[in-house]
């Protein structure tokens, strides 16, 4: 039965990915499905298409810009530090960011910030008017000052998905520990789970050998060049390529293993993550789908499809990435694409994602 199930899942993945390539949803894609069976995680990896125009085929070890899939990693690091008493979610923003002292955002808590309920605006193009060298201390300080002004009192307590909140959280974690964000995520999340070499902030890598496996993400008007092996998000690039909202790269298997660790914790297989912390992070807050670093399934029109469990949690990335975890089925589905290589405005992924997820669920449940 196990082999039959793996074959069903593999066929469903291959059909979906080949269809997405042929319809121009993305140049290529890498997917991984993990399921818990007989005390171990079993993974099915499938890839299809090309890394990009004029490049070789996608292989299972292909590296993709994870975009906002960075946020769950940063949130997991924050929860680990909270568990150890290094970072307090119930403290106000000004406790670690004195630049916010006297500003309305200064009294909001890190819990509110990281669950997208602090009143921060969704996004702002800081890179467009950046008066300093990207990645410099001056650039980072200027962006922080500007960010703190992008706040709306009427939005406090209401869900507004915010990149700004996670940029701010990244700053806070660095200040709480005195360590660079990339080191924190590797030390607190990737290394304890055993795959610190498989996911990384690209800007923090000294070697470039992995670049030949990396899927490009198209043209950046601001940087006036095609992007490959550097972050697609221009605000993240302005911050030096490492930020709380974007900047991580990785393979589908590595992301799936990260999701599997979350699901395992919810079933009492603690590992490096406490069950109560994972439950806190993955639980939807009232009035929206966001948890702390994770999104839940929407009641209607979910991007996770119709068949995944109501308690599922996951996240999307602008570049065309996604992860969804179904704790009841003990199933993790990861889709990595570079749909932005076609165009940032390529919206075909919106229809593809739920169909892809439903196909995986049907294969798992034996109805496909």
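The values are calculated or read from the model by the stated rules, or taken from the named source; none is laboratory data. Since the model is a prediction, treat every value here as computed from it, not as a measurement. Glycine also receives a Cβ, built like all others from the backbone with ideal geometry; neighbour counts cover every protein chain displayed.
When you go through (1) at pLDDT below 95; (2) at positive phi one by one for residue 209, which number turns out not to apply?
Here residue 209 clears every test but (2).
Please state which of the following conditions residue 108 fails to meet, knowing it meets all the rest: (1) touching a residue at least 60 places away in the same chain (Cβ under 8 Å); (2) at negative phi; (3) surrounded by 23 or more Cβ atoms within 10 Å (Cβ to Cβ).
With (1) touching a residue at least 60 places away in the same chain (Cβ under 8 Å); (2) at negative phi; (3) surrounded by 23 or more Cβ atoms within 10 Å (Cβ to Cβ) applied to residue 108, the lone miss is (1).
Which members of the stretch 105-119 meet the condition of being outside any loop (DSSP other than H, G, I, E, B) and either touching a helix residue (DSSP H, G or I) at 6+ places or on another chain (Cβ under 6 Å) or assigned by TED's automatic domain parsing to the domain that holds residue 244 (or both)?
Across the stretch 105-119, the qualifying residues are 105, 106, 113, 114.
Would you confirm whether or not the stretch 296-319 contains a residue that is farther than 21 Å from residue 112 by Cα, touching a helix residue (DSSP H, G or I) at 6+ places or on another chain (Cβ under 7 Å), surrounded by 16 or more Cβ atoms within 10 Å (Cβ to Cβ) and modelled with pLDDT under 95?
There is no residue in the stretch 296-319 that is farther than 21 Å from residue 112 by Cα, touching a helix residue (DSSP H, G or I) at 6+ places or on another chain (Cβ under 7 Å), surrounded by 16 or more Cβ atoms within 10 Å (Cβ to Cβ) and modelled with pLDDT under 95.
Would you mention how many residues in the stretch 301-320 are over 19 Å from residue 362 (Cα atoms) and either free of Cβ contacts under 8 Å to residues at least 40 places away in the same chain or part of a loop (DSSP other than H, G, I, E, B) (or both)?
Residues in the stretch 301-320 being over 19 Å from residue 362 (Cα atoms) and either free of Cβ contacts under 8 Å to residues at least 40 places away in the same chain or part of a loop (DSSP other than H, G, I, E, B) (or both): 3 in total.
Out of all the residues in the stretch 127-160, which are at pLDDT below 95 and closer than 15 Å to residue 240 by Cα?
none
So in the stretch 1-37, with the set limited to residues that are over 30 Å from residue 55 (Cβ atoms) and touching a residue at least 12 places away in the same chain (Cβ under 8 Å), which one is surrounded by the fewest Cβ atoms within 10 Å (Cβ to Cβ)?
2
Residues in the stretch 129-136: is at least one crowded, with 24+ Cβ neighbours inside 10 Å and touching a helix residue (DSSP H, G or I) at 6+ places or on another chain (Cβ under 8 Å)?
No.
Within the stretch 22-53, how many residues are more than 24 Å from residue 330 (Cβ to Cβ) and at pLDDT below 95?
Looking only at that region, the number is 1.
Quick check on residue 86: is it surrounded by 23 or more Cβ atoms within 10 Å (Cβ to Cβ), assigned to a loop (DSSP other than H, G, I, E, B) and at pLDDT 95 or above?
No; evaluated as a whole, the condition is false for this residue.
Quick one: which residue in 237, 274 is over 13 Å from the mean Cα position of the chain (by Cα), assigned by TED's automatic domain parsing to the domain that holds residue 44 and at pLDDT below 95?
The match here is 274.
Here is a list: 122, 94. Which entry is more than 23 Å from residue 336 (Cα to Cα), part of a helix (DSSP H, G or I) and not assigned by TED's automatic domain parsing to the domain that holds residue 265?
Only one candidate qualifies: 94.
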